[in-house]
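One structure below.
Every number here is computed from the coordinates shown, using simple stated rules; none is lab data. Remember, predicted model here, so these are calculated numbers, not experimental data. Don't worry about glycine lacking a Cβ; one is built from the backbone with ideal geometry, like all the others, and counts go over all protein chains shown.
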Amino acid sequence: MNSETPDLSEDLRDGVLWITFERPEARNALTFAMYERLAALCSDLPTDGTVRAVVISGAGGKAFAAGTDMTQFRAFDTAQDALDYENRIDAVLEAVERCRVPTIAAINGACTGGGGSIAAACDIRIASASLKYGFPIARTLGNCLAAGNLARLSELIGAGRVRELIFTARLIEADEALRVGLVSEVLPDEASLMARATALADHVGSMAPLTLRATKEAMRRTRAATKVDDSDLITMCYMSDDFRTGIEAFLGKRKPEWTGK
């Protein structure tokens, strides 16, 4: 497998596909090309046993992924731009969920925004002690999470905790993430995290593949059955003056002043 995206690497080793976000200078902020390559890799995996598991991680030692590269939002002019973006991200996350083999997010450091969504879409999440996870959009951008994202997070940690996390814009650290079930294991550092990811991928990859695939798909269908129309909410946030203010304030490293308009 050869990557078509310089900011995302892929390496097949002993039946495990390692996908690594490679923009450490930007804390692995995700470009649209990175999203699309991730989706393609997850969608196109063979089922002949050559790939038994996938591990997703971030390079640079400081972040799994810090969310979508915000400079891309400056091009949004219409409500359709916002809806197309959320639909695009939803398709990526669904590709991760539909991946035919087990997916493991090996999370070191910051895991926020789109990075947090990708991790939540994986089957298993393990983290190092440096984990900081969340969606601080109420403090930074003033946009919103799509309903599918909220449902996925609620399934993991409960609706009440999701509200509190977004309303306070705080980040969950490793001990709390383990306690609330966001991650299944916490390792002391990045080296031990990667070693554990290798062992875990080998282990789950040795299980009956059809059992795993059926379980993944049945759980996805259960949640998909309650899908709702959130286009009005996405339009309200992304087309607001507050969102424009949030983008420029974030990129200019200053605090935004919200107006609710």
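Normalising the average separation of contacting C-alpha pairs (under 8 angstrom, six or more residues apart) by the number of residues puts the relative contact order of the chain at 19 percent.
Distant-in-sequence amide contacts of L8, defined by a placed amide H-H separation under 5 Å and a gap of 5 or more residues or a different chain, comprise E22. Rounded if a/c is under 1.5, else prolate if a/b beats b/c, else oblate: with a ≥ b ≥ c from the C-alpha gyration tensor eigenvalues square-rooted, which is the stretch 90-158? Taking the square roots of the gyration eigenvalues as a ≥ b ≥ c, the stretch 90-158 is oblate.
Equivalent-ellipsoid semi-axes for the stretch 14-122 (Cα gyration tensor, √(5λ), whole Å, largest first): 24, 18, 10. The radius of gyration of the Cα set in the stretch 56-105, together with its Dmax, comes out at 14.0, 38 angstrom. Within straight-line reach of K253, meaning a Cα separation under 24 Å, sit the following lysines at least 8 residues removed in sequence or on another chain: K62, K132, K261. Taking 0.36 nm per residue of sequence separation and removing the Cα-Cα distance, the A225/A169 pair yields an extension gain of 17.3 nm.
Using C-alpha pairs below 8 Å separated by at least 6 residues, the relative contact order for the stretch 113-256 is 35 percent. Coupling constants for the stretch 234-251 follow from the phi torsions by the Karplus curve (6.51 cos²θ - 1.76 cosθ + 1.60, θ = phi - 60°), and in residue order they are 5, 4, 4, 7, 6, 9, 7, 4, 4, 5, 4, 4, x, 4, 5, 5, 5, 5 Hz; glycine and proline get x.
Only alpha carbons enter this Debye calculation for the stretch 84-213, each as an equal point scatterer, and the log10 of I(q)/I(0) it gives at q = 0.14, 0.21 Å⁻¹ is -0.63, -1.30. Of the beta bridges in the chain, as assigned by DSSP with both residues counted there, near 25 percent are antiparallel. Highest mean packing comes first when the peptides 173-182, 63-72 are listed by Cβ atoms within 10 Å, giving 63-72, 173-182. A simple rule links phi to the HN-Hα coupling: the Karplus curve 6.51 cos²θ - 1.76 cosθ + 1.60 with θ = phi - 60°, which for the stretch 170-187 gives 8, 10, 7, 9, 4, 4, 5, 4, 5, 5, 8, x, 5, 10, 9, 8, 10, 10 Hz, with x for Gly and Pro.
When cysteine pairs in the chain are screened for C-beta atoms closer than 4.7 angstrom, the residues that find no partner are C111, C122. Approximating the spin labels as points 7 Å out from Cα along Cα→Cβ, the D11-to-D81 distance works out to 3.8 nm. Restricting the calculation to Cα atoms, the stretch 148-261 shows an Rg/Rh of 1.07 when the hydrodynamic-style radius is the Kirkwood one.
Converting phi to 3J(HN,Hα) with the Karplus coefficients 6.51, -1.76 and 1.60 and the offset θ = phi - 60°, the stretch 8-16 yields 9, 10, 9, 8, 8, 10, 6, x, 10 Hz in sequence order, with x at every glycine or proline. List the residues of the stretch 102-120 whose backbone N lies under 20 Å from a point placed 7 Å from the Cα of A138 along the Cα-to-Cβ direction. Residues passing the 20 Å test: 111-117. Pairwise inverse Cα distances across the chain, averaged and inverted, put the Kirkwood hydrodynamic radius at 18.6 Å.
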